[in-house]
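The values are calculated or read from the model by the stated rules, or taken from the named source; none is laboratory data. Since the structure is predicted, the reported quantities are computational estimates derived from the model, not experimental observations. When we count neighbours, we look across all protein chains shown, and the Cβ atoms used for this are built from the backbone with ideal geometry, even at glycine. When the accessible area is computed, the model is the full protein with side chains, heavy atoms only, and any ligands, DNA or RNA have been set aside. Shrake-Rupley method; radii C 1.70, N 1.55, O 1.52, S 1.80 Å.
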Amino acid sequence: MDAVGTWIGAGISVLVFLMFAVLKWIDSRKAQEGPLSTGARMNAAGFGLLPGIAVWKIFEQETRLAFGTDIMKPLPEIPFLTAEGKYAPCRIELAAALIVFLLLVLWMILRKNDIPGNGDVLLTVLCAWGGVRTLTETFRADPLGMIGSVDIVQIAAFLLTMIPLAVWSVRRERTQKGYLMAVLEWMAVAGCGTVMIMIRAGVLSAGSEPGDFAVLIGCALLSVLLVLLAGKDSRVRS
């Protein structure tokens, strides 16, 4: 994709992001008197983030970031998510962005109480997307930044997952005594991320490609689940 195509793709993605964010902003304005809080504005931004990302992934397929590694044998090819015996990272991320967004909407609909204006929608999206990118970077053949065998983008994605954990840990500890649960959560999430980064770097292996794949999937899901549970706990106890 040339520079013009990149700017067009980026512009359309930003417009989609703004459209969904404004829809959420209008909905929040109807339910709240006076100016929106910073947290409510963060919620609006979080609501628009995944649709914007999904649109960008359509254009990103025309860049070098679309090239994936060979499919781990004996895993089969999956239509749309793989191509010519290789993973299709951008398509995987596109599908993940849409699935996470649909789950987010479902969560917002099924909640008994209104979404608090504390920025949790944005934090939830950052958690989920950080987990997705930590995983999908292991399928990318030509990443943006490597230092030796270490993928810098993967580390950044993992740190993105830790931001919501930090916020929710602080919020929860303000209303309860004891730090044991927070310490255990941080150790578990940090352990999951470290394992994924080490597998990507070729330092650690489960002994086979399917084994590595299973460990990667398990670590990604576990880390995201633990962070989301920390978020839920922070709201229940606050």
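Structure above, values below:
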{"read-out": "Output for the range 56-66, where each listed residue is open to solvent by 30 Å² or more (accessible area, probe 1.4 Å) and not hydroxyl-bearing (Ser, Thr, Tyr)", "value": "TRP56, ILE58, PHE59, GLN61, GLU62, ARG64"}
{"read-out": "Qualifying position, being free of Cβ contacts under 8 Å to residues at least 12 places away in the same chain and in a loop (DSSP other than H, G, I, E, B), among LEU204, LEU225, LEU144", "value": "LEU204"}
{"read-out": "Unique match (being modelled with pLDDT under 90, closer than 23 Å to ILE152 by Cα and either among the charged types (D, E, K, R) or crowded, with 17+ Cβ neighbours inside 10 Å (or both)) among ILE115, ILE71, ILE92", "value": "ILE71"}
{"read-out": "Considering residues of the range 75-89 that are over 23 Å from GLY52 (Cα atoms) and not small (Gly, Ala, Ser) only, the residue surrounded by the most Cβ atoms within 10 Å (Cβ to Cβ)", "value": "LYS86"}
{"read-out": "Residue among MET162, MET187, MET181 that alone is part of a helix (DSSP H, G or I), open to solvent by 50 Å² or more (accessible area, probe 1.4 Å) and closer than 30 Å to LYS112 by Cβ", "value": "MET181"}
{"read-out": "Filtered residue count, the range 190-238, keeping only those that are closer than 30 Å to LYS112 by Cβ and among the aliphatic types (A, V, I, L, M)", "value": "11"}
{"read-out": "Subset of the range 38-55 [within 18 Å of LEU23 (Cβ to Cβ) and open to solvent by 40 Å² or more (accessible area, probe 1.4 Å)]", "value": "ARG41, MET42, LEU49"}
{"read-out": "Whichever residue in the range 133-159 is polar (S, T, N, Q) and open to solvent by less than 40 Å² (accessible area, probe 1.4 Å) and, among such residues, is nearest to LEU221 (Cα to Cα)", "value": "THR134"}
{"read-out": "Subset of the range 102-145 (residues that are within 14 Å of the chain's Cα centre (by Cα) and over 21 Å from VAL189 (Cα atoms))", "value": "LEU102, LEU103, LEU104"}
